[in-house]
Protein chains: 6
Amino acid sequence: MGNQRRVYHRSAVTDADNMNRSVLRQIGMPMSDRRGVERNKIEQGQSGGRRTEELMATTNTPAISRYPLRKLEDLPEDIRARMLEVQEKAGFIPNVFLTLAHRPDEFRAFFAYHDALMLRDSGLSKAEREMIVVATSGANDCLYCIVAHGAILRIYAKNPLLADQVAANYRKADISARQKAMLDFALKVALRSVELVDADYERLRDHGFTDEDIWDIGAIAAFFALSNRMANLIGMRPNDEFHLLGRLPRKA
Amino acid sequence: MGNQRRVYHRSAVTDADNMNRSVLRQIGMPMSDRRGVERNKIEQGQSGGRRTEELMATTNTPAISRYPLRKLEDLPEDIRARMLEVQEKAGFIPNVFLTLAHRPDEFRAFFAYHDALMLRDSGLSKAEREMIVVATSGANDCLYCIVAHGAILRIYAKNPLLADQVAANYRKADISARQKAMLDFALKVALRSVELVDADYERLRDHGFTDEDIWDIGAIAAFFALSNRMANLIGMRPNDEFHLLGRLPRKA
Amino acid sequence: MGNQRRVYHRSAVTDADNMNRSVLRQIGMPMSDRRGVERNKIEQGQSGGRRTEELMATTNTPAISRYPLRKLEDLPEDIRARMLEVQEKAGFIPNVFLTLAHRPDEFRAFFAYHDALMLRDSGLSKAEREMIVVATSGANDCLYCIVAHGAILRIYAKNPLLADQVAANYRKADISARQKAMLDFALKVALRSVELVDADYERLRDHGFTDEDIWDIGAIAAFFALSNRMANLIGMRPNDEFHLLGRLPRKA
Amino acid sequence: MGNQRRVYHRSAVTDADNMNRSVLRQIGMPMSDRRGVERNKIEQGQSGGRRTEELMATTNTPAISRYPLRKLEDLPEDIRARMLEVQEKAGFIPNVFLTLAHRPDEFRAFFAYHDALMLRDSGLSKAEREMIVVATSGANDCLYCIVAHGAILRIYAKNPLLADQVAANYRKADISARQKAMLDFALKVALRSVELVDADYERLRDHGFTDEDIWDIGAIAAFFALSNRMANLIGMRPNDEFHLLGRLPRKA
Amino acid sequence: MGNQRRVYHRSAVTDADNMNRSVLRQIGMPMSDRRGVERNKIEQGQSGGRRTEELMATTNTPAISRYPLRKLEDLPEDIRARMLEVQEKAGFIPNVFLTLAHRPDEFRAFFAYHDALMLRDSGLSKAEREMIVVATSGANDCLYCIVAHGAILRIYAKNPLLADQVAANYRKADISARQKAMLDFALKVALRSVELVDADYERLRDHGFTDEDIWDIGAIAAFFALSNRMANLIGMRPNDEFHLLGRLPRKA
Amino acid sequence: MGNQRRVYHRSAVTDADNMNRSVLRQIGMPMSDRRGVERNKIEQGQSGGRRTEELMATTNTPAISRYPLRKLEDLPEDIRARMLEVQEKAGFIPNVFLTLAHRPDEFRAFFAYHDALMLRDSGLSKAEREMIVVATSGANDCLYCIVAHGAILRIYAKNPLLADQVAANYRKADISARQKAMLDFALKVALRSVELVDADYERLRDHGFTDEDIWDIGAIAAFFALSNRMANLIGMRPNDEFHLLGRLPRKA
């Protein structure tokens, strides 16, 4: 893929590469010369000799946060471990980890809450939970969450179109009537929760949702009300990788 | 105080007492015959013989949540401990603890996040942080947070009027211009965070807020965006005690 | 009560006392040395020797209006009489009287309108009428009306919790389904009266409201649309007393 | 004019005539056979023999209120007198009088308030006061007030275009910058009075408005917040005459 | 009519006359000495000697656009022809033609689109189509379209009251339930088209609208979403004539 | 690319292929067996023998419009020619052509307007014009325009990230301050054009925009106000191809 990118979108790709390197430099991570999906990897135990070219000025690099990034070696061990774990899976470290690490206690609570909702055994599939994230983040105009969770939704749903549909207008997305009812409720929680009345819960039960499912739907909408605002507050920038993830078939 | 209440607001007080007892019965807590501020106390090690009258039907008791309350003995030890700790300080258990315990993992993340923001060393005083909670909860029409955090604000600010002012219209509250700028920013995070621009941060810096203070302001607004929606989702009811707390002088 | 207040909330209470004295001085009212509920009383026929301490500067007193207060002796006789009458009942003069007296003709029309709606024989109880005031004033974010009419609602309903509930979210208040339908209609009049259609009236009739009741509901919402805007226009400040009224049992 | 109307808009005019006659019949007023501006006149002391054609069914007549109209002879003397007075000046009785007379006490307070604001000696011209009415009624989508006060504005301003401009978009009306600032403030009172801050008052003072002028601007906006909601509540219909008034030159 | 106008609204009429002459002068059109409806007519083949009085300064003339008007002789032949055609029918050239001619290609596309929707054979009457224009332009606060299409609606509907009703609140206009449903749909397209769901289309079908009718309703609302924004963008001013058109009977 | 897609997103790709074939069948276009970018091509003069598998039921294919698609042979020659032309350039026919062809006259006006704005010589680059489309379509939640014009923006700007940024929150996009001011203005035209005042135009001039540039900015926002509503009205579905276009480098 790397070779191809050089031809057509050269400037954009170069910028993206520079940005990723710049971010990694800021957090003190050693840098391999591999590009693309692998390029953000923390090399565990690597000695970290940087290549000359990486020392070039990167003054035009878009910041991924209004707040400074902590150096990797300044991070508490559990947070560094979490980063290595996600990098192992995703091939790079999503900026939500790098930026929220500015405040370790809040970082821990944030991801504990996230995991409690998004990883639990639930009547909602993982794709359905990501639909809630993408639909409410779209309503809240949160760039980071639309792009990052849009990628995750594409992957879980194995559908390259769904995230764009749900972010813009879930009413026309390729989803079931039951899922549209789920998103109607989630949007109400996100935008005017004061108006929730019994009829809203009844409608979900009519679609076969249990009360625990309803908690999940509402709580995910509530958690991303927090998440969207944090991202907008600190100007969290999505990793370039997310824009493309799940849009192409995995290499055979 | 108990004697006086019996005269004037008898029905309301009786209802409130019944409700509190009913709630405590639901969570399996032993019950003393003391009323008022002390009446919700968990009696550690008490054998818990209930008075006959407490066995009466309480079918009309307003629920404190749309979801069932877990029995005290079914709660994980750390959550029970947290409840005892807050009861020790407040004299009763705020319903946010009783209701969110329905989901222990989310309970833990919620309070960890809360404490990380509200208890940390900050350039904002505790009263200022509660102003943010009350102002944004007012904008989100969250009954639980307006009433419960209104009480906390009255206590921290040693001002019986401030919470009502801030919940309705902080622009006319008895606070400084600096605090009004703080709340302007918090409300923007709460209601239209997508529109945050550099000028918003500059204005706060002009008032002497540091970047860490700004994170605190925005993050508290963001956390209560979550909290308000959870309260509205599950129909969380404020404890009766909160309505009066901080409105009267402490007994000498 | 006075003694207790001195202990805990000393500064707040002192400020409040100062403010009340200051206001009374501005309108030229004689001052007794009694505090608390009685302290705003006009002493009819009293010679009015002021205590030395009352002559101290009170430059920090929060104003109760953006407009000057008229001296008692400059007020027309009927307006002064009305003030004495309300003081007789309430123990103090609500600031809406003191501030609107700036314009005697408007004062007279305002209270004539108020009385025509709030004192008439109606299918709505007085508590129900105050619910409409508090709910619509909450929607209009009018500090004066939320606090002052919240107190009146507590007293009429003999319920110390109801006003806080109705101001924040009447959908979850301890009121009947019929009363919630009443407030749905009142809020529609307050916020988007252009959208009123036959179905809105039918729904109220289904709950047993007569057409005259419906006029009452809508007209009270309409009158407080005026009242809320006047209060916000002139920066009308609620008397400190209102914040606590109706929250405690009457003394036996 | 009457002859001409018969040619072009026959059906509309006939309907309008029928409606006016129907309304007058409902309130028990005697009917002359004159048409046009004179046709609603109460003939004082007239014996009132109706022409046969007036006895025809008028079932399709649009109602001027959701509420019944009181018979002229059932009205209190002062209200009847007020109606005769306005008829003397305008040539017909505006429907706001006929419809609000359903509740005499509210009628009296309404017009006392109206007169206190609209007839007082003020730094604002009468045309300027009507601009405030038309602009805020446009924002509130109140058909009665746009049409009736639009007519009054055309007459006071001696300008047949101004009312349509101000109702749709005062920012582009043929008025001064000072008058636009006045309407900016009035609209803020009408739509989001909670957000009023010192700078809003300062801006008006910079345009030469006194504090009393500011009260006038805000109080007129506040009074028509009431008036617009009452009109929408009862479905008040503007008299047909208002639509044309002030659009044509007065006959020489 | 001319004579009458001179008496009452002299200044307004004079201004209007001046304005029309000024506009015509700007576009280089020859000027007859006729007034009123005929006064804007392009005299085809006329040699165009202007009367002295027309050379007077008209510096206070309100502009009909923020953009310069093209001289008649600079306009492409097809656009000049279109102007002559509309003048033939209406007696004057609506400002939408004069102002949009600034960009001939957009002019052509605009009127081609307009005609495709407004002149086609449709299940909607021409009056119904104009109702859609007036109702959505009212919602968008577009002065030009409310006034100009209000006039057209009065003429097509042969009803001098309807346009004012529909612009302010179609829910209370003298139209059928079917037409109100049509306008409900049109307003949804105008204001929140993202929320359109199957039930909206079903409701129109229940009122007897075909799918082609529904396209017409929605497409007219969509086209005037464009038109309203163009008018607001360039500050398009309605011709004075439109304010009165259709309010009076045609002369016999 | 085809081979790769079969591995990872098999079901999605298969669905997409089916949909494209189904659409082409509905409009009577011959079908080649090529897939991917080439698969929607009209084969001019081709005999069109379909493969057996293409005759399978496609009942689950998402419709690209609520309205029927016209057969290719039923389309007027100029419209068919336009489709062939765009197919030549893009490799497929965007659904906006296929769906709007339902009404040939409106089709012609629509694309004439589009071309007049988007293809003209302008002070705005083509990428800047597409930014306006994507930003206002994002604000209007128009799925078709976000996805289709997002692709065009990526291609013109040679930037794979920009469209997602601009659709979600242009304030944080990688664009210049001048371009942000351009989008501020465009959004105001899109969402509240009535509030445009001189200061808005001045601000653009301060950034170096000419009055003609301002017309372009506003007119593009206005045209896509129409376009977005048409797409939402008929449920226009973006071609699958658009989701990926411009995200990958062109093959060398």
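Please give the FRET efficiency for F:GLU73 paired with F:LEU119, using the beta carbon to beta carbon distance and R0 = 25 Å, rounded to the nearest 0.05.
The calculated FRET efficiency here is 0.30.
With 5 Å bins from zero, work out the P(r) of segment B:70-143 over every alpha carbon pair and list the percent per bin.
Here the calculated profile for segment B:70-143 is 3, 14, 20, 23, 21, 13, 6, 1, 0.
Give, as ranges by residue number, the residues of segment E:93-127 whose backbone N falls under 19 Å from the point 7 Å along Cα→Cβ of E:SER176.
Taking a point 7 Å out along Cα→Cβ of E:SER176, the residues of segment E:93-127 whose backbone N falls under 19 Å are E:121-127.
Return the whole-Å distance between the Cα centroid of segment C:157-205 and the Cα centroid of segment D:148-163.
If we compute the Cα centre of each part, the gap is 38 Å.
What distance in nm separates the simple spin-label points at F:ARG80 and C:HIS207, each placed 7 Å from Cα in the Cβ direction?
The modelled label-to-label distance comes out at 6.3 nm.
Sorted from largest to smallest, which semi-axis lengths in Å does the alpha carbon gyration tensor of segment A:88-129 give for its equivalent ellipsoid, taking the root of 5 times each eigenvalue?
Sorted largest first and rounded, they come to 22, 15, 7 Å.
Suppose we consider the axis relating copy D to copy E; can you name the residue of D with the nearest Cβ and state that distance in angstrom as an integer?
Whole-Å result, nearest residue of chain D to the axis: D:ARG247, 3.
With a ≥ b ≥ c the root eigenvalues of the C-alpha gyration tensor of segment D:197-252, is it rounded (a/c under 1.5), prolate (a/b larger than b/c) or oblate?
Because a/c hits 1.5 or more and a/b fails to exceed b/c, segment D:197-252 counts as oblate.
Just how far, in whole angstrom, is segment A:82-117 from segment E:211-235 if you go by their alpha carbon centroids?
If we compute the Cα centre of each part, the gap is 48 Å.
Measuring from a point 7 Å out along Cα→Cβ, what nm distances, shortest first, does D:GLY91 have to its partners in the other copies?
2.1, 6.1, 7.4, 7.4, 8.2
Highest mean first, how do C:119-125, E:161-167 rank when packing is the count of other Cβ atoms within 10 Å averaged over residues?
My ranking of the peptides, most packed first, is E:161-167, C:119-125.
Taking beta carbons within 10 Å but only from partner chains, what does the mean come to for residues E:165-176?
Partner-chain Cβ atoms within 10 Å, mean over residues of E:165-176: 6.
I'd like to compare F:226-239, C:80-93: which one has the highest average count of other Cβ atoms within 10 Å, and what's the full order after that?
F:226-239, C:80-93
Can you tell me the order of D:66-79, A:94-107 when each peptide is scored by its average per-residue count of other Cβ atoms within 10 angstrom, highest first?
A:94-107, D:66-79
Just counting partner chain Cβ atoms within 10 Å, what average do the residues of peptide F:151-160 show around their Cβ?
If you average over the peptide's residues, the count of other-chain Cβ atoms is 3.
Would you mind classifying segment B:151-243 by shape? Square roots of the alpha carbon gyration tensor eigenvalues, ordered a ≥ b ≥ c; an a/c under 1.5 is rounded, otherwise it is prolate if a/b is larger than b/c and oblate if not.
Oblate is the answer for segment B:151-243, as a/c is 1.5 or above yet b/c matches or exceeds a/b.
Just to compare against my own numbers: the Cα pair-distance distribution for segment A:70-198, 5 Å bins, whole % per bin, please.
That works out to 2, 10, 17, 20, 19, 14, 10, 5, 2, 0, 0, in percent per bin.
Taking each residue in F:135-144, count the Cβ atoms of any other chain within 10 Å of its Cβ, then average. What number comes out?
Average per residue, whole number: 4.
Mind listing the label-point distances from A:GLU212 to the same position on all other copies, shortest first, one decimal in nm, points 7 Å along Cα→Cβ?
Reported distances to equivalent positions: 4.2, 5.6, 5.6, 6.7, 7.2 nm.
Where a number appears in this text, it was derived from the coordinates with a stated rule and is not lab data. Keep in mind that this is a model prediction, so the values were computed, not measured. Quick reminder, even Gly has a Cβ in these numbers, built from the backbone with ideal geometry, and neighbours come from all protein chains shown.
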